[in-house]
Amino acid sequence: MPQASDLSAEDQALVARIQSGELIEDMADFTPRYRAVLQKTLEIAAQGEVTVLTWAYTAYATAPDLGAKIAISSSIQDEVGHAHQQGMLLERFGVSMQEKAFNEDPMRYISFPIMEFPVRSYIEFVVAQALLDRAGRYTTYDIELHCSFAPYRRALKKINFEEAFHFRHGAYWTEYYWNYSEETRQAVQDAVDWIFPWGYQWYGRPDHLKSMTDQMTFSIRAWSNDTMRDKWLQSACKFADRVGFDTPTQFNEDQDRYVLNKDYPVPMVANTETHAWDWQTSTWDDMINSWKTGGPMRPSAYERLQREEWGEALW
Amino acid sequence: MSIEESPMYEVFAREKLDGPLSHIGCIRAANRELAAAHAGMTYSEKPWVEMCVAPTDSFLRCIGDDKDVIGHV
Ligand SMILES: [Fe+2]
Ligand SMILES: [Fe+2]
């Protein structure tokens, strides 16, 4: 990734405008490099929304009652809306969301591997909402608050409103199942043990292993990976303490914040065969590579999505 | 006609009876009825008291640049 120092004069002028607090509204003001980083950000985000949908679909069969089925359906409907919002923006970049969703090579879908492990129980679904919609929202909330391209901020209002709803829904039901019976309490803890590391690793490489990105240079976002990770960790741990389930963290009185246990392995690569963690420390390179390989539902989840898009035949 | 060749509609909604009718998004649809249905499904994040759609090309700018239509989110 190029450093901020190798900016062209044109890019420097744009950065200066952005740093003075100006919001960019008109695409005529774009430089090629600004355009490229915005487009890439949108493409990754929009495709990511689609992968939440194919993942949530697998929870449907585990829903204990009609209310749970409705909750899953409405979160799927929301994710379609999230892809739509970013897709309408992508259209202005000459990128077809239809193409990105329905004609992308399923092996090249951009996703988090967790979205490619089928949901095994409704409790796992709500715990994932409580922890991972919380993680995802920090990413999109950062852009809503700080993005230099005004239309992207506006497009994310609806998305962030709904992501907050998703994690509150997850939090409510996580607490409910924690207190319902011995059995459901154990199921919540098992789900947390599986989901928590996905949340911690959500934001990728730590800052010291990363060079300045164009996202930061051009103020597409303002929070670094470590900043977002810490926001997530503090928020998730506070929630854990309130409900009572265990996380691999402790509260450090001196620092006045939650920190990971010393022996917690960072990062880890999930075992796709056992659908579990081996609790072995891996490398960030291996972890990032595992994102490209994906989970056990790749490519089947996207193949199914693409098969069932009826297109012309629907009408 | 594929969805991407369909005309674009701007979506407006009102949150409270005494609040403004605000632009909340845009969609493409084959006709007006589908536009209204699609907007209602997509922008269901709040219990709006009113929602309506209008074709994007029916808008004329008073302030701002004409080549950027009102919508596009
Ligand atoms: Fe989403
Ligand atoms: Fe979500």
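Please identify every one of the trypsin sites (Lys or Arg not before Pro) in the stretch A:223-315 that sits in a loop by DSSP and has no more than 15 other beta carbons within 10 Å of its own beta carbon.
Here the sparse-neighbourhood loop sites are A:Lys262.
Before rounding to the nearest 500, sum -39500 (n - 2.57) across all DSSP H runs of length at least 4 in chain A and divide by the residue total; then give [θ] at 222 nm in deg cm²/dmol. After summing the helix terms and dividing by the residues of chain A, the value is -18500 deg cm²/dmol. In chain A, the longest principal axis of the Cα atoms and the axis of helix A:134-146 are about 20 degrees apart.
Taking the longest Cα principal axis of chain A as reference, the axis of helix A:66-91 is set at about 10 degrees.
The angle separating the long axis of helix A:32-57 from the principal Cα axis of greatest extent in chain A is about 20 degrees.
Counting other Cβ atoms within 10 Å, which GluC sites (Glu not before Pro) in the stretch A:267-308 have at most 16 and lie in a DSSP loop? Here the sparse-neighbourhood loop sites are A:Glu273, A:Glu308.
A P(r) calculated from all alpha carbon pairs of the stretch A:11-306, with 5 Å bins opening at zero, reads 1, 5, 11, 16, 18, 18, 14, 9, 5, 2, 1, 0, 0 percent. For the stretch A:5-109, applying the loop criterion from DSSP together with a ceiling of 12 other beta carbons within 10 Å to the GluC sites (Glu not before Pro) yields no site. So what is log10(I(q)/I(0)) for the stretch B:3-58 at q = 0.15, 0.17, 0.19, 0.23 1/Å, when the Debye sum runs over its Cα atoms only? At q = 0.15, 0.17, 0.19, 0.23 Å⁻¹ the computed log10 ratios are -0.38, -0.49, -0.59, -0.82. Which whole-angstrom value gives the distance between the alpha carbon centres of the stretch B:41-57 and the stretch A:244-301? Rounded to whole Å, the Cα centres lie 41 Å apart. Summing Cβ point charges (Lys, Arg +1; Asp, Glu -1) relative to the Cα centre of the protein assembly as shown gives a dipole of roughly 300 debye.
For the stretch B:3-58, a simple Cβ point-charge model (Lys and Arg +1, Asp and Glu -1, everything else neutral) yields a dipole of about 140 debye relative to the Cα centre.
All of the numbers you see were taken from the coordinates with simple rules; none came from a lab. Note that the structure is a prediction, hence the values are computed from the model and not measured. Neighbour counts run over all protein chains shown; Cβ positions are idealised from the backbone, glycine included.
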